[in-house]
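S.K.: Before I ask anything, let me first share the structure, which is written out below as structure tokens.
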Amino acid sequence: MLDVVDVGKRSLATYRGIAPDSDLDALHHLSEELRGARCMHLSATPYGGGVSELLRSLVPLYNDLGIVTDWKLIHGDEAFFQVTKRIHNGLQGAPGALTESEKATYLANAQLNAQRLVSDSENYDFVFVHDPQPAVLAALSPHLDTRWIWRCHIDTSHPNPTFWDFLAPYLHAYDAAIFTLREFVPPQLPISDVRIYAPSIDPLSPKNHPLPERLARDVLEWIGIRTHRPLVTQVSRFDRWKDPLGVVRAYQRVRPHVPDLQLALAGSLALDDPEGWSVYEELRAATAGDSLIHILTNLVGVGNIEVNALQALSDVVVQKSVREGFGLVVSETLWKGTPVVGGRVGGIPLQMPDDTGGILVDTVEECAEAMLHLLRHPEEAQLLGARGHEHVRQHFLMPRLLVDHLRLLKHLASVRPLPPRGIVPASFSAANLQGV
Ligand code: UDP
């Protein structure tokens, strides 16, 4: 059996007045024909990155709509996740090649997971497979009567061909694929139904729910941040594509101009990301002895509430990625009205169009200038943050993502009709959804 992640219950009705009405109204109609359908989201880890953040909110909302949905995890050991991180990096364009033994490790693990998938008695109408780690499972489970969807969250616009040539033959089995940007669709993708859907954040999750300012300050003081001093933060996995060392260099350039300035680097060490440890060690070495730099991790209890408080109370949040899928942290930050200095890569510009949200940068020098500019012009920073908040409200909240997903599921069910099932009532009432 695959492990099931326990996600609790959520109600879409509670998003009324927060997310756009048009999305909530659309969900009522879209879900009608899908109630009672069975759906699985399959991923590699229950915590520590954007996919787990998304699924924790999305899966209970599917259930609230009457689509009976599970979130399951593939099994993997350290050796497997070393290989999948290499595949992740290779698909984002890193040099190198997989050895025969790495390929064998990956495929042996995939076979075991496919057996677990098949031995699960439930027959799912739809399976969303998230990212490359479990991507070959559709091809290894051909007898399941399932509509397979590959959701690729990373930038696969220029994959290293040796990695792509290894993975691509296994993708034929998918009925549809979802990418964040059109330019991420890799050359010669063997899936004809391709959708472009941006991820989204949950405004009601513990990470994004408004915190009383007093509580947020206490939370930050508790983890060593002095809240009366200026603060710049980056929140992201310890991953070279997120360029945390570049953030340190940019901060060091700003510091002579703002002597009290603190830097917080909050990073989670995820189960499927063994490389995170070495990046973490490099960061510790590069910042040793500097009491104004705080390196914080999930392993010492920096979780959703702490990240919420950091994003809400920082003067500027940085996301200086050099390659990025979407960067949920940008929307999370803008939702709190805090301005962002973001790398001009992947989905970050989508979240920060002209004069909205903050400043886009390409280099360490530009990053430093943008930080300093926002620190010196708090009114402009506040205005950019406020525009960013509204942009996120319109485009990047969870109900909009559900609308996108349900449109796809309806389409796939029209191409290959679902077996008759007992209708599962949605747990919210139509009246609630329609704001009556
Ligand atoms: N995150 C967190 N704690 C950390 C670092 C990251 O909770 O120390 C969360 C962050 O708030 C966001 C997710 O992990 O929800 C990262 O998603 P993003 O899309 O920015 O990047 P990914 O990790 O998927 O590349």
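S.K.: Filter segment 5-54 down to the residues that are charged (D, E, K, R) and out of contact with any Leu (no Cβ under 8 Å at 6 or more places or on another chain), then identify the one that is nearest to the ligand (Cβ to nearest atom).
M.R.: Asp6
Residue-by-condition table, conditions (1) within 21 Å of Asp239 (Cα to Cα); (2) in contact with a strand residue (DSSP E or B) (Cβ under 6 Å, 6 or more places away or on another chain); (3) more than 16 Å from the ligand (Cβ to nearest atom):
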residue	(1), (2), (3)
Pro60	no, no, yes
Ile67	no, yes, yes
Asp77	yes, no, yes
Phe80	yes, no, yes
Lys103	no, no, yes
Ala108	no, no, yes
Gln111	no, no, yes
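S.K.: Quick one: would you say Val127 is surrounded by 23 or more Cβ atoms within 10 Å (Cβ to Cβ) and free of Cβ contacts under 8 Å to residues at least 60 places away in the same chain?
M.R.: no
S.K.: Mind checking whether some residue in segment 333-346 is touching a strand residue (DSSP E or B) at 6+ places or on another chain (Cβ under 6 Å), modelled with pLDDT of 95 or more, within 11 Å of the ligand (Cβ to nearest atom) and of a type in the set (A, V, I, L, M)?
M.R.: no
Conditions (1) open to solvent by 10 Å² or more (accessible area, probe 1.4 Å); (2) farther than 25 Å from Leu360 by Cα, marked per residue:
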position: Asp273; (1), (2): no, yes
position: Trp277; (1), (2): yes, yes
position: Gly289; (1), (2): yes, yes
position: Ile293; (1), (2): yes, no
position: Leu299; (1), (2): yes, yes
position: Val302; (1), (2): yes, yes
position: Val307; (1), (2): yes, no
position: Val322; (1), (2): yes, no
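The values are calculated or read from the model by the stated rules, or taken from the named source; none is laboratory data. The model shown is predicted, which means the values in this text are computed figures rather than measured ones. Virtual Cβ from ideal backbone geometry, glycine too; neighbours counted across all protein chains shown. To get the accessible areas, we keep the full protein, side chains included, count just its heavy atoms, and leave off ligands, DNA and RNA. Shrake-Rupley method; radii C 1.70, N 1.55, O 1.52, S 1.80 Å.
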